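Taken together, the values in this text are just the output of simple stated rules run on the coordinates, not laboratory data. Quantities reported herein were computed from a predicted structural model and do not represent experimental measurements. Please note: Cβ atoms are built from the backbone with ideal geometry, for glycine as well, and neighbour counts cover all protein chains shown.
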Amino acid sequence: MDANISTTIRPGTEHDAEGLFQIHVDSVKDLCATAYSREQIKRWFEGRHAREYVEHLSHGRIWVATAAERLLGFTECWPGHIDRLFVAPWATGRGIGDRLLRFAMEQALSKGHEIIKIEATLNAEPFYGKYGFKKISNSSFVQPSGIEIETVLMEMRRPC
């Protein structure tokens, strides 16, 4: 993909669900592989489907980055919280994650919120740290497959 192509961030639609799911899967397989075991990566998406995104999309909380109408990445955010920020592996290194995170931070700090909370994958901790997020604690979640995924709870206060 040409780095000069204009990137747009727009609200996600139900029609994006399959593409979002595929970006999530590809990103975890490629970008999380250094922080998680092969077994964790393999079972991360067992029993999961693109339709899981439809409900989140219906709430207007998912925003997508596109270029030439091709999905590059997405974030899910609402006041006080950022959940999920994934970029297609082939689109990394082009500032897409930066643009999505800055957009999500603006959304999360709306309506008077002073703190943004995020539960980050282990490999993403340094990325969020560059933007002022601080580790609060270790955490984890259990996928439908039963596999436990370790994460890091982080937060950032509104800059003065």
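Points to keep in mind about this one:
- Point-charge dipole on Cβ atoms (K/R +1, D/E -1) for the chain, about Cα centre, debye to 20: 420 debye
- Taking the helices alone, the chain has a mean residue ellipticity at 222 nm of -8000 deg cm²/dmol, built from -39,500 (n - 2.57) per DSSP H run of at least 4 residues and averaged over all its residues.
- Put the Cα centre of segment 10-42 next to the Cα centre of segment 116-160 and the gap is 16 Å.
- Within the listed set Glu106, Glu55, Glu119, the residue fluctuating most in the Gaussian network model of the chain (springs between alpha-carbon atoms under 10 angstrom) is Glu55.
- Considering only Gly73, Ser27, Ala17, the residue lying farthest towards the positive end of the dipole of segment 1-101 is Ser27, judged by Cα position with unit charges set on Cβ.
- Sorted ascending by nearby beta carbons within 10 Å, beginning with the fewest, Phe141, Phe127, Phe133, Phe74 become Phe141, Phe127, Phe133, Phe74.
- Taking the Cα centre of segment 12-96 as origin and assigning +1 to Lys and Arg Cβ atoms and -1 to Asp and Glu Cβ atoms, the resulting dipole is close to 280 debye.
- Full extension of the chain between Thr34 and Glu14 gives 4.0 nm of extra length, using 0.36 nm per residue less the Cα-Cα distance.
- Least to most buried among His15, His24, His49, His56 (fewest other Cβ within 10 Å first): His15, His49, His56, His24
- Spin-label model, Val142 to Trp90: label points 7 Å out along the Cα-to-beta-carbon direction sit 3.7 nm apart.
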